[in-house]
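Engineer: Let me give you the structure first, and then I'll get to my questions.
The values are calculated or read from the model by the stated rules, or taken from the named source; none is laboratory data. As the structure is a prediction and not an experimental result, all values here were calculated from the model. In this analysis, Cβ positions are derived from the backbone assuming ideal geometry, glycine residues included, and neighbour counts consider all displayed protein chains. Surface areas here come from the heavy atoms of the whole protein model, side chains and all, with no ligands, DNA or RNA. Shrake-Rupley method; radii C 1.70, N 1.55, O 1.52, S 1.80 Å.
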Amino acid sequence: MTVFSDHIPTISKKTVTGLLLLSILSILIWIIPEMIGFDASVSLRLLAIVLLSIYVVLAFEIVHRTVIVLVAATIAIIIGITTGLFPADKSFEFAIHSIDFNTIGLLLGMMIIVTILAETGIFQYIGIKMSKACKGNMWKLLVMLSVFTAVTSMFIDNVTTILLMIPVTFYIFRTFRMSPVPFILAQVLASNIGGTATLIGDPPNIMIGSAANIDFDSFLIHMGPTIGLSLLVSLILFRVFFRKDLKATPQNLEELMKQDEGSFITDRLLLTKSLLVLFSVIALFVIHGILHLEPSIIALGGAGVLLLISGKKPEKILHEVDWTTLIFFACLFITIGVGRESGMIDVLAKAALGITGGNPWTSFFMITWVSAIASAFVDNIPFAATMIPLIEVLNQNPTIAAEFNYAISPLWWALSLGVGLGGNGTLIGSSAGVIAIGLSEKYGHKITFNQFFKVGFPFMIITVAAGSVILMIDVMLRL
């Protein structure tokens, strides 16, 4: 009996607590609509429980994030079939259609480019340069990394920026023999702030620009000042949130100051080829709207060209790709897709906007906050897709049209601000966050859902509050 008991897996108190909480919340989801007289379909309630399960499992670290979304996607498809959302013979087609392959392709292409670029030693070079510049001052280093990440995210999408910057950060802190986690969190938050400023900085902005016919310059002119001031607020918050970590003294500083960063560049020819391809891809990102090319095509094309001219073995490079994160995204898209098919996101958006009564400024703040809160828990890409037609209807309201008599309705800027900054609320709220967590785990530094939430959610609330007020003032000054 003793022999067998040694092999029985133990269930932690955290797991039991998480499962108990999930059970209680699931019961509430099932009975509350009946109590308030809301006609919620069976599929909507079941899918709400599935999505809730993802967050609870992540929060209590019951299983790996990719495992839970893989199971959740499977259950969501089964629910969709059994409740009549789509027929069984169309389930595979539905799943494929739900996945945003533009995002998946963009991530895969940039992962390949960054993997090849990393072999040149450029990340060690940049890491040494930044380390020398900060001279052991952690606050200075945090500002440098955060501002550089935010500004770069304005002109390269924030996912690509994170893919480029996280290896640099890990090299710096491996040299300092310190935990990089606070600085990783700061860069994720900064990347989402910066990406909100431009048309190409964040995927939802591309969707908004396409729907409202907004060009790159107009986006930057209208959102730039708000995001610039929001970044200053962010730096103050970083100083508060990470004050203990900023007091730490790095090790090996004297040894690091003596190092020759140029010696870390191991293959200058490959570096030249890699940078040429990277800058070409970035340039094409900027003008992709004119060329009518999706960013994924550009990224995958650049990856293919670099594989060709670098002479690297594809199997070696592809082995370094973070497939776990890509599968996580694909399964999350499928789960959200089934939820959207059930009308879940529509119910949330319409219920929130229904209380505005057509008041322009109430609608403005409602869109901002509903988008921010929802985007923290639901991927901001499908939520933006749901909100766009609703905003088009709101813009036709005579009261709103008369108050917001602009070439571009301020409601579009409210949506961009909400979905952009809202993604900072949780670990899975933005693509950049998921990528950073995946890379951190790959480098041996696990960042949990709760660890991210404790910093990200209050940061999101404060920056959205500041940003919405700044944006409102900017809109009023343009009258």
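Engineer: Restricting attention to segment 277-342, which GluC sites (Glu not before Pro) occupy a DSSP loop and are surrounded by at most 16 other Cβ atoms within 10 Å?
Structural biologist: E320
Engineer: Moving on. Stretched out fully, how many nm does the piece from S179 to S210 gain, at 0.36 nm a residue minus the Cα gap?
Structural biologist: Using 0.36 nm per residue and subtracting the Cα-Cα distance, I get 7.0 nm.
Engineer: Okay, next question. Could you tell me the calculated FRET efficiency between I78 and M257, based on Cβ-Cβ distance and R0 = 56 angstrom, to the nearest 0.05?
Structural biologist: Taking R0 as 56 Å, the efficiency between I78 and M257 is 0.40.
Engineer: Now a separate question. Taking the Cα centre of the chain as the origin and placing charges on Cβ (Lys, Arg +1; Asp, Glu -1), which of L246, G84, G358 is farthest toward the positive end of the dipole?
Structural biologist: The one lying farthest along the dipole's positive direction is L246.
Engineer: Also: I'd like the FRET efficiency for K312 and Q451, computed as 1/(1 + (r/R0)^6) with the beta carbon distance as r and R0 of 22 Å, rounded to 0.05.
Structural biologist: After rounding, the FRET efficiency stands at 0.05.
Engineer: So for H64, H222, what's the accessible-area order with a 1.4 Å probe, most first? Provide the component values of the computation, followed by the final result.
Structural biologist: On the way: H64 65, H222 45 Å².
In descending accessible area the options line up as H64, H222.
Engineer: Let me ask something else about it. Beyond 21 Å between alpha-carbons counts as too far, so tell me which of K129/K454; K14/K446; K140/K247 fall in that bin.
Structural biologist: On the way: K129/K454 31 Å; K14/K446 18 Å; K140/K247 12 Å.
Long pairs (Cα-Cα over 21 Å): K129/K454.
Engineer: Now for a different question. Give the cross-link partners of K316 among the lysines, using a straight C-alpha distance below 18 Å as the criterion and excluding same-chain residues fewer than 8 apart.
Structural biologist: Cross-link targets: K442.
Engineer: Between P203, Q259, S179, whose Cα lies farthest towards the positive end of the dipole of segment 176-274 when Lys and Arg beta carbons carry +1 and Asp and Glu beta carbons carry -1, centred on the Cα centre?
Structural biologist: Value: S179.
Engineer: Further, regarding this structure: State to the nearest 20 debye the size of the charge dipole of the chain about its Cα centre, where the only charges are +1 on K and R beta carbons and -1 on D and E beta carbons. Could the numbers behind the result be given before it?
Structural biologist: Values: 27 positive and 29 negative charges, 302 e Å.
Roughly 1460 debye for the chain.
Engineer: Based on DSSP H runs of at least 4 residues, each adding -39500 (n - 2.57), what is the mean residue ellipticity at 222 nm of the chain after dividing by all its residues, to the nearest 500 deg cm²/dmol?
Structural biologist: That comes out to -25000 deg cm²/dmol.
Engineer: So the label point goes 7 Å from the Cα of I408 along Cα→C-beta, right? Which residues of segment 224-240 then have their backbone N under 15 Å from it?
Structural biologist: What the label zone holds, given the 15 Å backbone N cut-off, is 224-228.
Engineer: Using +1 at the Cβ of each Lys and Arg and -1 at the Cβ of each Asp and Glu in the chain, identify which of N102, S440, A402 lies farthest towards the dipole's positive end.
Structural biologist: The Cα lying farthest towards the positive end belongs to S440.
Engineer: On a 1.4 Å probe surface of the protein chains, which of T74, T463 comes out largest in accessible area, and what is the full order?
Structural biologist: T74, T463
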